[in-house]
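Each reported figure results from applying straightforward, stated rules to the coordinates on display, with no laboratory input. Note that this is a predicted model, so its numbers are computed, not measured. Don't worry about glycine lacking a Cβ; one is built from the backbone with ideal geometry, like all the others, and counts go over all protein chains shown.
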2 protein chains.
Amino acid sequence: MSRYAYSPQDRAAVYRAIAERRDMRHFLPLPIATEVLERLLTAAHQAPSVGLMQPWRFIRITERSLRHEIHSLVEKERIRTAKAIGEYETTARMAEFLRLKVEGILDCGELLVAALCDNRDQHVFGRRTLPEMDLASVSCAIQNMWLAARAEGLGMGWVSIFDPLELAQLLKMPNGAKPIAILCFGHVDSFYREPMLVETGWKSAQPLEDMLFENGWKPHS
Amino acid sequence: MSRYAYSPQDRAAVYRAIAERRDMRHFLPLPIATEVLERLLTAAHQAPSVGLMQPWRFIRITERSLRHEIHSLVEKERIRTAKAIGEYETTARMAEFLRLKVEGILDCGELLVAALCDNRDQHVFGRRTLPEMDLASVSCAIQNMWLAARAEGLGMGWVSIFDPLELAQLLKMPNGAKPIAILCFGHVDSFYREPMLVETGWKSAQPLEDMLFENGWKPHS
């Protein structure tokens, strides 16, 4: 046991947030308090970033008409994704996909778009061979918000069903910036007990053991 | 206030882990208890993933010689990165980079390599226009581990200074799989009070306000 370990109750709280966090798509149409949104954004900003690059940018959507335009972009890509699933898999699978709720953009209390900043080429530290580490940093920031939202009793959903060029244009992003997430935050009637894609029977989860190897890509002994 | 909100103490614990997490490079040469490592990996496996893809794979490094080979790969790339910084910025900056400690691979108690799985092309859900969402999912898994480690009183460092092809070859990864992180876990003498790159004067952090926009890429009013 490390002398820096949190108390048993505090440790349990961290593990609880990790275990109970869900990718939510069902929201109650209620607002989120400003100070809560500020706490979530502060949590995001405390994320690690490669070479202290802090590549995250957040666009808060407060205009109702813009929210509808974003919803339309997602709806267009949802249809394109369905067709692709029909081609890669089966038409039955396509129909199953079309029955899933994949976003709660119009209902959620707060809508944010998360993006990678522009002028990323100048950051070499930790990115010379892995330039995509900027996305890793923004993802850590989003995971911070997801866990903080769960502790606040709020749901969050990460929507990645959109064309990034179309969304960048809609939000007047400069060259080099790239939207990577439409984030829905909101009060919920209840949290899914399991990931929604498991609850709906879309997919079953694989056990951790299948993801672990030792000293090379071969099963853990 | 949501009726699903955690108690004030539990909420504070989640925010504390988020605020106190650091990218550590200084470790004490002490082992990590097996049950703690299992809790960290379980936390990783509870991460969200695009279309429930669960693209994360973790290779635990237990052979000392392999640890040294991984360290050598990082050392090679550290020199290449220094040269690139010398070209992009100044030779003074290159010298400054070379004085930084960028990893604790040989000292840490546990060494894991995190990778993206092979056969990722078959996953279309949420990735048709943003195939890099698999990296986002693995990054969320790593952030879970980072926060859990902090609550356990342990440090974690994410090293991305390596050539992914060389590391994939060393660890016998199949085509399509890609290493994205060398993760050092360990006991620490103390946690950095601020990010090490701030403490050493390498870079100053930018405030959250600079990262926020409203309804488009223009300053938050």
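Among the numbered criteria (1) within 7 Å of chain B (Cβ to nearest Cβ); (2) under 18 Å from B:ALA205 (Cα atoms), which one does A:MET53 miss?
A:MET53 satisfies every listed condition except (1).
Just name the residue that is farthest from A:LEU171 (Cα to Cα) out of those in the stretch A:56-78 that are within 7 Å of another protein chain (Cβ to nearest Cβ) and part of a helix (DSSP H, G or I). So that I can check it myself, show each step before the final result.
So in the stretch A:56-78, the residues within 7 Å of another protein chain (Cβ to nearest Cβ) come out as A:56-63, A:66, A:77.
Keeping just the survivors that are part of a helix (DSSP H, G or I) gives A:66, A:77.
Values: A:LEU66: 9, A:GLU77: 17 Å.
Of everything passing the filter in the stretch A:56-78, A:GLU77 is farthest from A:LEU171 (Cα to Cα).
Write out, first by first residue and then by second, each pair whose Cβ atoms fall under 7 Å of each other, whose residues are 6+ apart or on separate chains, and whose first residue, in the stretch A:150-175, is free of Cβ contacts under 8 Å to residues at least 40 places away in the same chain and at the interface with another protein chain (Cβ under 7 Å from one of its Cβ atoms) while the second is part of a helix (DSSP H, G or I) and surrounded by 23 or more Cβ atoms within 10 Å (Cβ to Cβ).
The qualifying pairs are A:SER160/B:VAL50; A:SER160/B:MET133.
A:VAL14 passes all but one of (1) surrounded by fewer than 16 Cβ atoms within 10 Å (Cβ to Cβ); (2) at the interface with chain B (Cβ under 7 Å from one of its Cβ atoms); which number fails?
That leaves (1) as the condition not met.
Could you list, in sequence order, all residues of the stretch A:15-50 that are assigned to a helix (DSSP H, G or I) and in contact (Cβ under 8 Å) with a residue 12 or more places away in the chain? Reasoning before the result, please.
Going through the stretch A:15-50, the residues assigned to a helix (DSSP H, G or I) turn out to be A:15-20, A:34-45, A:50.
Result: A:ALA17, A:ILE18, A:GLU20, A:VAL36, A:LEU37, A:ARG39, A:LEU40, A:LEU41, A:ALA43, A:ALA44, A:HIS45, A:VAL50.
Considering (1) surrounded by 24 or more Cβ atoms within 10 Å (Cβ to Cβ); (2) more than 7 Å from chain A (Cβ to nearest Cβ); (3) hydrophobic (A, V, I, L, M, F, W, C); (4) more than 20 Å from A:ALA181 (Cα to Cα), say which one B:VAL138 fails and leave the rest.
(4)
Which condition does A:ARG60 not pass, out of (1) more than 15 Å from A:CYS108 (Cα to Cα); (2) touching a strand residue (DSSP E or B) at 6+ places or on another chain (Cβ under 8 Å), if it passes all the others?
Every condition holds for A:ARG60 apart from (1).
Might you check whether a residue that is charged (D, E, K, R), more than 7 Å from every other protein chain (Cβ to nearest Cβ), outside any helix (DSSP H, G or I) and within 12 Å of the chain's Cα centre (by Cα) occurs anywhere in the stretch B:100-120?
Initially, the stretch B:100-120 is screened for residues charged (D, E, K, R), giving B:101, B:103, B:107, B:110, B:118, B:120.
In the following step, the residues that additionally are more than 7 Å from every other protein chain (Cβ to nearest Cβ) were identified as B:101, B:103, B:107, B:110, B:118, B:120.
Checking which are outside any helix (DSSP H, G or I) leaves us with B:101, B:103, B:107, B:110, B:118, B:120.
This time we only want the ones that are within 12 Å of the chain's Cα centre (by Cα), so: B:103.
Within the stretch B:100-120, one or more residues are charged (D, E, K, R), more than 7 Å from every other protein chain (Cβ to nearest Cβ), outside any helix (DSSP H, G or I) and within 12 Å of the chain's Cα centre (by Cα).
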